[in-house]
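The next block holds one structure in the form of structure tokens; read it before the comments.
Just so it is clear, none of the values below were taken in a lab; they were calculated from the coordinates. The model shown is predicted, which means the values in this text are computed figures rather than measured ones. Virtual Cβ from ideal backbone geometry, glycine too; neighbours counted across all protein chains shown.
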Amino acid sequence: MTYVNAGDIARLADVGRAAVSNWRRRHDDFPQPVGGTTASPLFSLSEVAAWLRRNGKPYEVSPGDLAWQRLRAAGEDLRLGELVAAAGDFLEGRPSGLKAGVTALLTELAEERGARDAFEFLCERYVDAHSRQLAVTPADLAELMTRLSGGGTLLDPACGIGTLLLGAKTAIGQELSGSSARIAQIRLRMRGVDGRVVAGDSLRQDGFPAERADAVVCDPPFNERAWGHDELAGDPRWEYGLPPRGEPELAWVQHCLARVRPGGTVVILMPPAAATRRPGRRIRANLLRGGALRAVIALGGADLWLLRRPESGERPPAQVLMFNGDVAGAWPAWLEFQRDPQGVRIIDLLDDEVDVSPLRFDQKGTPAEFVAVQAEFRATASTLTGPGLDVLDQPRDLNMTTVGELAKAGLLAVHHSALKPGEVAEQGDVPVLSGDDVLLGGVASGWTGSAAGQIVVEPGDVVTTPAGVVRVIAEGGAVLGPQLTLYRLDQDRLDADFLAGFLRAGGGLSRGTSRLDARRTRVPRLSLPEQRPYGAAFRRLAELDDALRATTRRGERLIRLALDGLASGHLL
């Protein structure tokens, strides 16, 4: 029997998960669960398909979905990671132990997408199915962490399925789960990354005790009390102090510092409480005094700590960066701090609390800055207008196709960037369009050297980012940056704004992944003259989206300046 969960059903029927929940509540004849748990029930695919047909609800079982469901049915759900790894072995041409029925579907999926994208599809489905057990770093945050690391040989001592290592040239990783370690190794191999991944507990049984990487990136498990406090009490890694029993994250910080070369960088995700908890204040103070902690970046639900292993005889810095913002703003803030280190004085942090939370250090503005930001806010807010669309009494009956079918018909070509984050720098011969550039307006800000296989962006191309941003490119000449996907259109048959709008509206973007599931994005079959009014409307909406982002940023700054000004007596 082939099983599906609620998320699978939602994908098959092209609806949200809430719709599936409503069907289960409102329809007595909806199939009953045949497995799983109360929180995550499993259903028979054949029974669900029959119910959808009876109730006139269209659905599509793609080759990818069919391969995934057959793979999942090949063993117990607790062995799902091993099955995904076995699928990777098969896609790479190695013995897998999988049955012929599964391998036939995997072969079909690989012929359609290529082996690497086929395996990435299976990994995405695996993460969706085990979202409570698998913590995967979001793609935009992973890209930022890789960029901040500075490149070189990259180590992740809690690598999961390898997400933080995918942009490296040389990578080493360790993961507690054996199946996740296998998946990570396969993902690296399929990208041509020179990598080694081993299974085991990095704190108790370090797989690379003699290694000194150029940089370490890490998204460790939070609040894991059974991390080995008693048995590791005398460990030489605790240069900055024995981590308290309830502060496992400070053990991970020191493990990472012990495995990076002098002068190397550590980029580690931390819970916000790690910046303020009293038991850890001695270690935080030692990290500051020793010049190891260089920046703390608040990103909402977590903080990003940037550390540097001091070189022998190096003079500790006097300031540390405290930044409270979003992923897109973190990189420019770090570059500005490196050029002109105007941050928080370390001596001001060394009090009884040693509180390194960036929320304490929002930059205070001047009355003149308040006046300027208020004027900018009013100017951008005055440009905000609705899209000017008419409401129809009955929806249009549109003949739909998919982006995948458009590609097969030759109306567009899909290209994925071969660049890795470590290959983008501030200097070089060739401009690079990054994900941040796509978000902020489409002007290239990075550089790299010229190399074979680079994709040069042209005006009219549609570019998508891992975070789901879609933009029609107005200025060409740059090369496509890491983890971006480009759609090059036959402009005599397909309007760029038309396609970009349906990519944004159709739900084809896979959240938290680096690929666009183009074959599932539905697009109307319309002639070019019929597409252009849609394109114009979608373009107005994109411009409105950009204006709202700019207005929101200025509005948030205006509120902060107004609060500070009223509290300090500078504003009436």
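In region 139-361, what percentage of the DSSP-assigned beta bridges are antiparallel, given to the nearest 5? Intermediate results must be reported in sequence, preceding the final value.
Working: 13 of 34 bridges.
Close to 40 percent.
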Based solely on C-alpha atoms, express the radius of gyration and the Dmax of region 3-129 in angstrom.
15.0, 47
Listed highest first by mean packing, meaning other Cβ atoms within 10 Å per residue, what order do 312-325, 270-283 come in?
270-283, 312-325
Proximal charge balance of Arg225 [Cβ under 12 Å; K/R count +1, D/E count -1]
-3
Taking square-rooted eigenvalues a ≥ b ≥ c of the alpha carbon gyration tensor, is region 134-215 rounded, prolate or oblate, where a/c under 1.5 means rounded and, failing that, a/b exceeding b/c means prolate?
rounded
When Val391, Val438, Val61 are ranked with the fewest other C-beta atoms within 10 Å first, the list becomes Val391, Val61, Val438
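Under a Cβ-only charge scheme (Lys and Arg +1, Asp and Glu -1), can you give me the dipole magnitude of region 410-502 about the Cα centre, in debye to the nearest 20?
Details: 4 positive and 12 negative charges, 49 e Å.
Dipole size: approximately 240 debye.
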First select every other residue whose beta carbon is under 9 angstrom from the beta carbon of Arg532; then total the charges, Lys and Arg +1, Asp and Glu -1.
-3
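Quick one: work out the % antiparallel among DSSP beta bridges in the chain, nearest 5.
Values: 37 of 60 bridges.
If we restrict to bridges inside the chain, about 60 percent are antiparallel.
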Under 5 Å from the placed amide H of Ala298, counting only residues 5+ away or on other chains, we find Leu304, Phe323, Asn324, Gly325
Karplus couplings for region 230-235 from phi (6.51 cos²θ - 1.76 cosθ + 1.60, θ = phi - 60°), rounded to Hz, Gly and Pro as x?
5, 6, 10, 4, x, 5
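Give the order of Trp252, Trp334, Trp238 when sorted by the count of other beta carbons within 10 angstrom, beginning with the fewest. If you can, show how the numbers build up before the last one.
On the way: Trp252 28, Trp334 20, Trp238 17.
Going from sparsest to densest Cβ surroundings: Trp238, Trp334, Trp252.
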Out of residues 5 or more away from Val197 or on other chains, whose amide H comes under 5 Å of its own, with H placed 1.01 Å from N in the peptide plane?
Gly173
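Relative contact order of region 127-250: what whole-number percent is it, with Cα pairs under 8 angstrom and at least 6 residues apart? Working shown, then result.
Values: 202 pairs, mean separation 27.5, N = 124.
It rounds to 22 percent for region 127-250.
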Evaluated at q = 0.15, 0.25, 0.27 Å⁻¹: base-10 log I(q)/I(0), Debye formula over Cα of region 390-463:
-0.69, -1.20, -1.29
Along the charge dipole of region 400-525, Cβ charges K/R +1 and D/E -1, which of Ala444, Pro431, Ala467 sits furthest on the positive end?
Ala467
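Could you size up the charge dipole of region 118-224 around its Cα centre, putting +1 on the beta carbon of Lys and Arg and -1 on that of Asp and Glu, and report it in debye to the nearest 20?
Details: 11 positive and 14 negative charges, 57 e Å.
That gives region 118-224 a dipole magnitude of about 280 debye.
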Can you give me the orientation-averaged projected area of the convex hull built on the Cα atoms of region 400-525, in nm²?
7.2
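In a shell of Cβ-Cβ distance under 12 Å around Met145, excluding Met145 itself, what net charge do Lys and Arg (+1) and Asp and Glu (-1) give? Walk me through the numbers on the way to the answer.
Working: positive: Arg147; negative: Asp140, Glu143, Asp156, Asp219.
Here the count lands on -3.
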Region 139-361: relative contact order as a whole-number percent, Cα under 8 Å and 6+ apart:
16
Give me Thr107, Thr383 sorted ascending by neighbouring Cβ count inside 10 Å, so fewest comes first.
Thr383, Thr107
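When the helix-only estimate is applied to the chain (DSSP H runs of n ≥ 4, each -39,500 (n - 2.57), divided by the residue count), what is the mean residue ellipticity at 222 nm, nearest 500 deg cm²/dmol? Write down the numbers at each step before the final one.
Working: 18 runs with 218 residues, N = 572.
About -12000 deg cm²/dmol.
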Scattering from the C-alpha atoms of region 229-278 alone, worked out with Debye: what is log10 I(q)/I(0) at q = 0.14, 0.17, 0.25, 0.27 1/Å?
-0.36, -0.53, -1.03, -1.13
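Once you keep just the Cα pairs under 8 angstrom separated by 6 or more residues, what percentage relative contact order results for the chain? Provide the component values of the computation, followed by the final result.
Details: 1008 pairs, mean separation 50.9, N = 572.
Relative contact order here is 9 percent.
Treating the beta-carbon of each Lys and Arg as +1 and of each Asp and Glu as -1, no other charges, what is the dipole magnitude of the chain about its Cα centre, to the nearest 20 debye?
Values: 67 positive and 73 negative charges, 130 e Å.
In total the dipole reaches around 620 debye.
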Of Gly93, Ala292, Val457, which is farthest on the positive side of the dipole of the chain, counting Cα position, with +1 on Lys and Arg Cβ, -1 on Asp and Glu Cβ, and the Cα centre as origin?
Gly93
Expected vector for region 203-213, Karplus 3J(HN,Hα) from phi with 6.51, -1.76, 1.60 and θ = phi - 60°, integer Hz, x for Gly and Pro, equals 6, 8, 9, 4, x, 9, x, 9, 7, 10, 6
The answer for Thr402, listing residues at least 5 apart or on another chain whose modeled amide H is closer than 5 Å to its amide H, is Val523
